[in-house]
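Computed from the coordinates by the stated procedures, all read-outs in this text should not be read as laboratory data. As the structure is a prediction and not an experimental result, all values here were calculated from the model. Cβ placement follows ideal geometry from the backbone for every residue including glycine, while neighbour counts extend to all protein chains displayed.
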Amino acid sequence: MKIFNEKFSILLLMMPIIAFCDSHRTYDGYKVYEVTLGTQNDVNFLKSLTEVDDDDSFDFWSLQSTVGSVSTVMVKPDRQNWFEKSLANRNIQYRVSIMDLENVINEERQYQLKMKSIHWGRSMNSDEMRFDRYYEHDEINKYLDSLASSHKNVEVKVIGKSYEGRDIKVIKITNGDGIEKKNSIFIDAGIHAREWIAPATALYVVQQLLNDESMAKILNILDIVVNPVVNPDGYQYTHKKERLWRKTRSKNIPGCVGTDGNRNFDFHWGEVGASPIPCMETYRGNKAFSEKETQALRDAVGEIKDTCKFYLTLHSYGNYMLYPWGYTSKLPDTWKDLDDIAQIGASAIKNATGTTYTVGSSTNVLYAAAGGSDDYMFAVFNVPISITMELPGGGQNGFDMPASKIDETVHESSIGIFAMIQAVGQKYN
Ligand SMILES: [Zn+2]
């Protein structure tokens, strides 16, 4: 009996470990390549791989469309030979930046666990956020709620439920003067689940707005609404199951889960760069606004559309300030207004840290992708400044910045964001 008990308790002890090991998708043998595009043909070749009807063979972490730029692509083990030969035949320069992705992802996971236990050890307050690890969705929601209870000028609202029933929250920060018709700004992040640096940056902006006294000038003329995690189901899935998941988690057809939220908006929906195939990473959904998450975001911005002067959506990665259109290479009539603000953000970062951002319309400097939130807010809600900011990535260290670099990255990014906010505030005051 005793032996049985011992064995049984050992088994019980092991169960969480087994469950933990089993629960993550592995990336054993996956390589990540940095490919330098020497000619337009090289660009075209790489782009053609985004249409391979298999979402797992080639996963573009950053896809550039200009000659001389470097694109980053993850390739699954059984396609690597073919890929390397194809590049060699075309004389395309490349280097392997990550030899075995599973090692990198496992290191990230261990680091996250370590930092989490350090935080618990310190018994941190829930209204304290440190930018030395990536937080999970429930922690972020708790953080927002605690800010609402500790600040008179903060309001937190549930704008909808995700497909799996999670609360999607926004935080509204004002100067507390109660004036209703002030100009406003909407910032969101995390519509693409794996882009962890984006929610971290949105939360850093929130923290700065509340803690830095020099922000009073901004809050005197603008109310700021932030939705730090647009796609909480996907975000949690990247934390618990599959680090590089991008889409929502809605069920489409058997075996294919999720829609690309940033192809799901109802403006030129279903046109260029938005796949009709449910298994693909850029699946546009079976109709515009098929997703509860994009509906919630639409309604939240729609509620302030009369006062909203600036819609900023945070993504990673690639160091871009992008503006409409995403569905065509044509530019909107007011492109100069958009360009001015985007340039102000890029220059502020360049001056502060030397980091370079490329500025331009999505289609012209990156690639065409219809059904994006930026085009929609600009065209349908007439938000005059609508910008997608592609934050920096982790380079040789993985998809996003390693956790040890979050603090530095969010600080740098916030310099550009606050410069743009300030410029918009003055422009429309
Ligand atoms: Zn993205």
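Put simply, the amide H of residue 275, placed in the peptide plane, has neighbours under 5 Å in 282, 283, 284, leaving out anything fewer than 5 places away on its chain. For residue 357, the shell of other residues with beta-carbons less than 11 Å away shows a net charge of -1, using +1 for Lys and Arg and -1 for Asp and Glu. Calculated [222 nm] ellipticity per residue, helices only, for the chain: -12500 deg cm²/dmol; basis is -39500 (n - 2.57) per DSSP H run with n ≥ 4, divided by all residues, nearest 500. Here the contact order of the chain, divided by its residue count and restricted to Cα pairs under 8 Å and six or more residues apart, works out to 16 percent. Considering only 132, 42, 333, the Gaussian network model of the chain with Cα springs below 10 Å gives its largest mean-square fluctuation to 333. All Cα-Cα separations within the stretch 80-227 were binned at 5 Å from zero, giving a P(r) of 2, 7, 14, 17, 15, 12, 9, 7, 6, 5, 4, 2, 0, 0, each value a whole percent of the pairs.
Under the classification rounded if a/c is under 1.5, otherwise prolate if a/b is larger than b/c and oblate if not, where does the stretch 32-92 fall, given a ≥ b ≥ c as square roots of the Cα gyration tensor eigenvalues? Prolate, because a/c is 1.5 or more and a/b exceeds b/c. Specify the residue with the greatest mean-square fluctuation among 389, 74, 115, computed from a Gaussian network of the chain linking alpha-carbon atoms under 10 Å apart. Residue with maximal mean-square fluctuation among 389, 74, 115: 115. Out of the stretch 93-160, which trypsin sites (Lys or Arg not before Pro) are coil in DSSP terms and have no more than 16 other C-beta atoms within 10 Å? Listed in order of number, the matching sites are 122, 130, 152.
Amide H contacts under 5 Å for residue 252: 258, restricted to partners 5 or more places along the chain or on a different chain, H placed in the peptide plane at 1.01 Å from N.
Across the stretch 329-421, Cα pairs under 8 Å and at least six residues apart give a relative contact order of 36 percent. If you take all other residues with their beta carbon under 14 Å from the beta carbon of residue 33, and give Lys and Arg +1 and Asp and Glu -1, the sum is +1. Taking a ≥ b ≥ c as the square roots of the eigenvalues of the alpha carbon gyration tensor, the stretch 252-355 is prolate, as a/c is not under 1.5 and a/b beats b/c.
Given a cut-off of under 8 Å on Cα pairs at least six residues apart, what relative contact order in percent is computed for the stretch 31-99?
Working: 111 pairs, mean separation 33.8, N = 69.
It rounds to 49 percent for the stretch 31-99.
Taken one residue at a time, the phi angles of the stretch 253-267 give Karplus couplings (6.51, -1.76, 1.60, θ = phi - 60°) of 10, x, x, 10, 10, x, 10, 6, x, 8, 10, 9, 8, 8, 9 Hz. Gly and Pro are set to x.
When DSSP beta bridges are restricted to pairs lying wholly in the chain, around 55% turn out antiparallel.
Within a straight-line Cα-Cα reach of under 19 Å, residue 172 can be paired with the following lysines, leaving aside sequence neighbours fewer than 8 residues apart in one chain: 142, 152, 157, 161, 181, 182, 217, 305, 309. Helices meeting the span-like rule in the chain (full DSSP H runs, Cα extent of at least 24 Å along the helix axis, mean Kyte-Doolittle score of 0.5 or higher): 2-23. Legend: P(r) of the chain from all alpha carbon pair distances, 10 Å bins from 0, whole percents, reading 4, 21, 32, 26, 11, 3, 1, 0, 0.
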